[in-house]
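Nothing in this text is a laboratory measurement; each read-out follows from the coordinates by a stated rule. Bear in mind that the values here come from a model prediction, so they are computed numbers and not experimental data. Counting neighbours? That spans all protein chains shown, and the Cβs are built from the backbone with ideal geometry, glycine included.
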Amino acid sequence: MHVIIVGCGRVGSELAKLLSAESHDVVVVDKNPSAFDRLGGTFNGVTLTGNGFSLSLLKQAGIEKADAFCAVTNGDNTNLVSAQVAKKIFQVSKVIARVYDPHRAHIYKTLGLDIISGTILFAAMLRDKIIESRFSSYLIETKDLGVIEIEVKDSLAGKTVQDINMSGECMVVAIRRLHGVIMPELHTTLKARDILMAAVKVSSLEKVKEKFGI
């Protein structure tokens with residue numbers, strides 16, 4: 001994939017290094033050339049100094065062939081304008097913008113932009129840890145759903161995923177085992193010491209905890 005990242009702060013630089021290590025073509029744009037120091041010596045992509053909404057700079061970055069565009073600077077206005085330029089003018093199919101203000105996140109989502117609000121995500125994760133230590137929203141950006149970890153004890157060992165799913169309330173989406181993580185089928189048999197990762201409705205949390213003895 002050809003990916004353009006606007007903003008080489010902590011998030012942008014880590015994202016760039018991850019994608020570059022996976023052999024994607026990565027171009028990082030930042031107004032401050034010293035920001036590129038965060039990329040380290042192993043980054044093999046391209047860096048460009050300038051504004052992420054400059055048409056000429058974006059063309060230089062190869063936006064006309066870009067598969068994805070991410071705006072992750074520390075300024076909401078820059079991210080939103082850059083994202084709109086990428087989506088509306090250059091028609092990049094996958095455009096993601098980071099915003100800090102949760103109210104703006106809601107507004108711009110209605111305009112068709114793919115928005116990630118770190119404020120909402122972090123607040124949701126803190127809330128989850130407060131109400132239940134095993135509960136975490138991970139990257140589910142909503143107050144209605146979360147992911148809970150369930151340890152498979154003797155009472156669950158030998159059952160299948162289909163046996164323990166609760167329709168509309170709790171669904172096992174991954175299983176962490178000693179040798180890695182798997183995405184289970186409905187007929188996957190649970191083993192002792194498995195850790196189930198299940199999507200759960202927040203409103204059903206107490207019911208789920210009671211069922212599995214958490």
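I'd like the distance between the alpha-carbon centres of the stretch 140-214 and the stretch 46-125, rounded to an integer number of Å.
34 Å
Antiparallel versus total DSSP beta bridges in the chain: what percent is that, nearest 5? Don't skip to the end; give the middle numbers.
Numbers: 20 of 41 bridges.
Counting DSSP beta bridges with both partners in the chain, the antiparallel share is about 50 percent.
Scanning the chain for GluC sites (Glu not before Pro) in DSSP loops with at most 11 other Cβ atoms within 10 Å, what's the longest stretch left with none?
23-184
Taking the stretch 185-214, which trypsin sites (Lys or Arg not before Pro) meet the DSSP loop condition and have no more than 12 other C-beta atoms within 10 Å?
Within the stretch 185-214, the qualifying trypsin sites (Lys or Arg not before Pro) (loop, at most 12 other Cβ atoms within 10 Å) are Arg193.
If I build a Gaussian network model for the chain, linking alpha-carbon pairs within less than 10 angstrom, which residue out of Asp37, Asp101, Asp67 has the largest mean-square fluctuation?
Result for the chain, Cα springs under 10 Å: Asp37 fluctuates most.
Using only Cα positions of the stretch 141-206, each an equal point scatterer, no hydration layer, compute I(q)/I(0) via Debye at q = 0.19 Å⁻¹ and quote the log10 values to two decimals.
-0.69
In µm²/s, what is D for the stretch 171-214 at 20 °C and 1.002 mPa s, where D = kT/(6 pi eta Rh) by Stokes-Einstein and Rh is the Kirkwood radius from Cα pairs?
Result for D is 187 µm²/s.
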